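Working notes, structure below.
The values are calculated or read from the model by the stated rules, or taken from the named source; none is laboratory data. Quick caveat, the model's predicted, so the values are computed rather than measured. Using ideal geometry, Cβ is built from the backbone for each residue, glycine included, and neighbour counts are taken over all protein chains shown. Please note that ligands, DNA and RNA were not included when accessible areas were found on the heavy atoms of the full protein model with its side chains. Shrake-Rupley method; radii C 1.70, N 1.55, O 1.52, S 1.80 Å.
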Amino acid sequence: MSKSTSPSDVLRIEVDRRGTDSAVVTLTGSANMDIADHLQERLIDLLDQGAERLVLDLSGLKFISSVGLSAIIGAHLHCRHRLSEVRLVNPQPAILDLLNITRLTRIFTIHDSVEQALSAS
């Protein structure tokens, strides 16, 4: 028996380019294993298009699987080779707990707002 997927469960990815070097990526819904490759490809494409800073707005992300997290980590590793970075914004409490448990808060800077993430040095 397969579980049905509601529209709110589907991951939506919205990209807002900010200047020549930043991209704000808003993730809404659920980042499960079915979309991890697509998510990582989208993030790396933004880097290939010249974004030096990826700001991931997680405020609307309800769920992220370990494979979804690996897509973000993959983008982070791609950034390190380019001396760029991924910044995370306002994760929901359950996702923040996951980031803390996995110690990814040591890798990623977490900001309260997109504006704060964009202006941080």
Could you check how many residues of segment 35-63 are within 10 Å of the chain's Cα centre (by Cα) and farther than 25 Å from residue 119 by Cβ?
2
Checking residue 50 against (1) over 20 Å from residue 98 (Cα atoms); (2) free of Cβ contacts under 8 Å to residues at least 60 places away in the same chain; (3) in contact with a Lys or Arg (Cβ under 8 Å, 6 or more places away or on another chain), only one condition comes out false. Which one?
(3)
Looking for whichever is modelled with pLDDT of 90 or more, in a strand (DSSP E or B) and not hydroxyl-bearing (Ser, Thr, Tyr) here; the options are 39, 54, 46. Which one fits?
54
Could you list, in sequence order, all residues of segment 84-103 that are farther than 18 Å from residue 26 by Cα and in contact (Cβ under 8 Å) with a residue 12 or more places away in the chain?
84, 98, 102
Would a scan of segment 104-113 turn up a residue that is open to solvent by 80 Å² or more (accessible area, probe 1.4 Å) and under 19 Å from residue 31 (Cα atoms)?
no
